[in-house]
Amino acid sequence: MALPERSTHRLEFVMGMPIIVDICDAAFDDSVLDDVFEWFRWVDSTFSTYRSDSAISRLNRGELPLEAAHPWIRRVLGRCEELRRETDGYFDIRAPYATPGGAPEAGRGGPDSIDPSGYVKGWAVAEAARMVRRAGARNYAVNAGGDIQLAGDPDGSGRWRVGIQNPLEPDGVAMTLALTDQAIATSAAYARGRHIVDPHGARTDGAGLLSVTIVGPGLASADAYATAVFAMGAQRGAEWCAQLAGGYDAVLIREDETVLSTPGIDALIAQPYG
Amino acid sequence: MHKFLPTAMASLGLAASLAAPTDALAASGSYTGAGSTMKWGTVTVTITVSGKHITNISSVYPAERPRSAFINKAAVTILRQQALQSQSFKLHNLSGATMTTVAFEKSLASAMHKAHLA
């Protein structure tokens, strides 16, 4: 397998996580990467609940009326409401978030305050991937803290090889999938403290689950589904995943170290490098 | 349902990229990158350079428990093979967390800078 004549790779820390853009197209003008990281910084400054001057923080304090907010903020919040209904209420931007150490975030106030970051991250990555495609790239991966939107392949093999983190071992891989023109998102308790909350029972983790991975066409939905299924826990999460449609599939790693996956996953499992 | 075997990990999806050509000739020898700290400890990468090529990569990884030590060794072997194949510190794509890859990459980048390879 020949490597591409040229590939571009940039890593920056934005939104509190490493964001990596890989483009594997020959003769590609990589100036779009400046725009991509400018986009991520705009998203962070607009949607971060950790920044007291963000639009979301101002919305939460009542200083910014929703009608006056940027149209993209209204669109994001509208989609979050659709996702709440799709997930039986388990994806909920009004759910109380447990922060590591218990300190309230700057932008989180009363019971009506919202935190759409569980959707915004995947959405921002999917939009960044569209920017890269509009610039002419056909083989690329945009990876924000392990949630990835990818297209084409890096090496002519037709697929990207993506490992699912072993939730019990920081350096272990539980499963490797071969993906193209797809997104993959994983929710687990290990990455940033136990920050996913069951909005119905105020649990601070997914009962019986170590991690949930969702594969599908778009990262915005995949990320939100993974968050919701983790909050559902092993039993309800598995039942909900069984009715996934639209090209979305799931891998649930349970506390007893068994793995449940939807039927579509079988065709995506990669063979190890020989 | 299939049994989840942590020890069955055999591959890590990492996209290899070619390192940018450089005119600065690296002196042959060993270069140790700055330690890169992640949640579970510090990763320190050492490269051995001959001419302009990396001929060996070794790394020191956290190993808190016996099982961790085994898994870490396997994961590092894969990262190491990727870097040797691509002569690059450009690694990619683990869903769930990029911490290990990023820590390895940062320390490797540091070592390559010291060796004037990047």
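The values are calculated or read from the model by the stated rules, or taken from the named source; none is laboratory data. A quick note: this is a predicted structure, and the numbers were derived from the prediction, not measured. Reconstructed Cβ throughout: ideal geometry from the backbone, glycine too, with neighbour counts over all protein chains shown. Only protein heavy atoms, including side chains, enter the accessible area calculation; ligands, DNA and RNA are left aside. Shrake-Rupley method; radii C 1.70, N 1.55, O 1.52, S 1.80 Å.
Details
- Residue check, residue A:119 within 18 Å of the chain's Cα centre (by Cα), modelled with pLDDT of 90 or more and in a loop (DSSP other than H, G, I, E, B): no
- When the stretch A:26-82 is filtered for residues that are on the phi > 0 side of the Ramachandran plot and either at pLDDT 90 or above or part of a helix (DSSP H, G or I) (or both), only A:62 remains.
- Applying a threshold of 9 Å to beta carbon distances and a minimum spacing of six or more residues, or different chains, the list of pairs starting in the stretch A:232-256 at a residue that is touching a residue at least 60 places away in the same chain (Cβ under 8 Å) and under 18 Å from residue A:167 (Cβ atoms) and ending at one that is among the aromatic types (Phe, Trp, Tyr) and assigned to a loop (DSSP other than H, G, I, E, B) reads A:232/A:90; A:253/B:4.
- Unmet criterion (only one of (1) at pLDDT 90 or above; (2) out of contact with any helix residue (DSSP H, G or I) (no Cβ under 7 Å at 6 or more places or on another chain)) for residue A:190: (1)
- Residues of the stretch A:122-170 that are assigned to a loop (DSSP other than H, G, I, E, B) and more than 20 Å from residue A:25 (Cα to Cα): A:145, A:146, A:166, A:167, A:168, A:169, A:170.
- Number of residues in the stretch A:226-265 that are exposed (fewer than 12 other Cβ atoms within 10 Å of the Cβ) and at the interface with another protein chain (Cβ under 10 Å from one of its Cβ atoms): the value is 1.
- Given (1) modelled with pLDDT of 85 or more; (2) within 15 Å of the chain's Cα centre (by Cα), index of the condition residue A:195 fails: (1)
- Matching residues, the stretch A:171-184, being outside any loop (DSSP other than H, G, I, E, B) and either at the interface with chain B (Cβ under 7 Å from one of its Cβ atoms) or open to solvent by 10 Å² or more (accessible area, probe 1.4 Å) (or both): A:173, A:174, A:175, A:176, A:178, A:182, A:184
- Identity of the residue in the stretch A:131-148, among the small types (Gly, Ala, Ser) and over 24 Å from residue A:118 (Cβ atoms), that ends up least open to solvent (accessible area, probe 1.4 Å): A:137
- Hey, residue A:222 at pLDDT 90 or above and either facing another protein chain (nearest Cβ under 10 Å) or assigned to a helix (DSSP H, G or I) (or both) or not: yes
- Taken as a whole, the stretch A:7-24 holds no residue that is touching a strand residue (DSSP E or B) at 6+ places or on another chain (Cβ under 9 Å), away from every other protein chain (no Cβ under 14 Å) and under 26 Å from residue A:185 (Cα atoms).
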